[in-house]
Amino acid sequence: MLIRDDDPARRAARLERIVSVLIDRVDRLEERRGSAWSMFQAAVALEQEALARTRDLEQALADLSEKNRDLAVARAAAEEANRSKTRFLRAASHDLLQPLSAARLFLSALSDTQLDPLQQELAGRLAGAFESVEELMHAVLDISRLDSQRIEFHRKPVELDALFRRLGAEYAPMAEAAGLRLSFVPTSAVVDSDPTFLRRIAQNLVSNAIKYTETGGVVVGVRRRSGLAWLEIHDSGVGIGESDRPRIFDEFQRAVREGGPQGMGLGLSIVRRACAKLGHPVEVAPRPHGGTVFRVGLTPAVSDQRGGDFQPVALHGLRARVALIVENDAAMRRGYELMLGDRLGMVVRPAGGIAEALAVMGQDDPPDVILADYNLDNGDTGIGAINALRAAAGQHIPAVMVTAQRGPGPARASAELGVPLVEKPVRPDELGAILLRAISS
């Protein structure tokens with residue numbers, strides 16, 4: 001039986017429920033639609049923000065690239081300026097050291113003559129002034145070379161005992177004048193380093209120790225520790241305060257009391273630079289009973305080479321020996337004549353260039369030794385002079401090269417020729433010993 005719902009009230013209630021459901025569905029659809037629209041708007045806003053940040057980043061990268069290009073140009077300009085400075089100092093050093101070397105030879109000859117007390121005092125003061133100028137020039141040139149990016153090192157086995165003998169002969173007068181004992185402990189250590197710069201390191205440390213020691217002395221030796229051969233310089237001087245130790249390796253720093261000895265404050269800066277370039281660790285520490293010890297760590301090496309370092313010898317063996325001097329500077333030639341001839345008793349034959357040297361030597365009378373300057377006139381060099389003289393004589397003539405030019409060129413050329421190299425200003429006793437050794441080898 002079909003029952004029809006004809007009650008208007010019930011039908012109205014039913015329609016209201018249907019309408020309510022429909023309205024609820026429409027509201028939910030509107031909410032979903034509004035949420036999607038909001039998400040769409042947010043996505044558009046984020047995209048615009050991302051585009052803006054991307055443009056800012058691209059601009060920043062462009063600015064950074066431009067700054068990098070500017071920095072690269074500035075760095076290239078600075079490196080070129082540094083190279084120009086180094087080239088200028090090397091070129092200027094030759095012209096500056098040439099008259100200084102001649103003056104040292106003249107002063108040495110003057111000191112060997114009879115002088116009254118005032119003249120002796122003046123000669124001593126002049127010698128001290130020359131030492132200061134020479135020390136300053138060497139320091140400036142060393143710092144310039146060590147700051148160069150293109151510096152060349154010539155590492156090879158170095159016998160420390162031979163280095164000690166050379167330093168002993170060089171600094172014994174300085175220590176004696178200060179009333180100090182200077183001693184070197186014999187050693188068989190052979191290390192791997194650049195002999196020229198290792199010598200400069202040791203020179204600066206030894207001279208620094210003597211300069212700042214009033215009583216007692218300086219002891220130089222080698223201690224093996226942690227796989228290294230440590231070059232040690234002990235002094236009984238004023239010592240270095242703990243607060244001063246970090247800065248003593250900076251330029252123009254002198255850890256001394258007021259009224260004490262004065263220096264330029266460049267020696268330890270050179271030590272630091274050279275050790276850093278060569279990979280040698282350097283240490284400084286107080287000694288238990290006063291004074292200071294400096295240590296330089298050196299890598300041991302095995303040497304099968306024959307010396308080549310300076311040793312103190314009796315110079316009377318040079319008497320009557322013939323030395324052919326090839327030097328384009330007239331003052332230097334005269335200085336050699338006074339030093340080698342009057343002081344050491346040698347027979348000196350001076351020449352200003354290769355052609356004159358060949359004429360002076362003649363055909364059948366070769367000299368006992370050739371002393372040639374590296375830089376001669378008209379593009380000639382001491383290398384060419386030695387080769388020409390040996391070829392003309394038909395025999396191997398001992399030779400020694402002298403130069404005021406700093407840099408690897410003269411050292412490399414002299415090593416290839418197998419002749420010792422002496423840097424100007426020359427020291428008379430050292431030059432005499434090297435000449436005698438060249439003749440005797």
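Bear in mind these aren't lab numbers, they're just calculated from the coordinates by the rules spelled out. Worth saying up front: this structure is predicted, and the values here are computed from it rather than measured. Because the Cβ atoms are built from the backbone with ideal geometry, glycine has one as well, and the counts that use them run over all protein chains shown.
Tell me, 381, 215 in order of fewest to most beta-carbon neighbours within 10 Å? Walk me through the numbers before you get to the answer.
Numbers: 381 20, 215 10.
The most exposed by this proxy come first: 215, 381.
Using Cβ counts within 10 Å as a stand-in for footprinting exposure, how do 299, 54, 196, 292 rank, fewest first?
Least to most surrounded, the residues fall as 54, 299, 196, 292.
For the stretch 206-212, in order, what is each residue's ³J(HN,Hα) by Karplus, 6.51 cos²θ - 1.76 cosθ + 1.60 with θ = phi - 60°, in whole Hz (x at glycine and Pro)?
Whole-Hz 3J(HN,Hα) from phi for the stretch 206-212: 5, 5, 5, 5, 5, 4, 9.
Projected area of the stretch 315-440, taken from the Cα convex hull and averaged over every viewing direction, in nm²?
With the hull built on Cα positions only, its mean projection is 6.9 nm².
Please report 171, 336 as a ranked list, fewest other C-beta atoms within 10 angstrom at the top and most at the bottom.
Values: 171 21, 336 26.
Starting with the residue having the fewest Cβ neighbours, the order is 171, 336.
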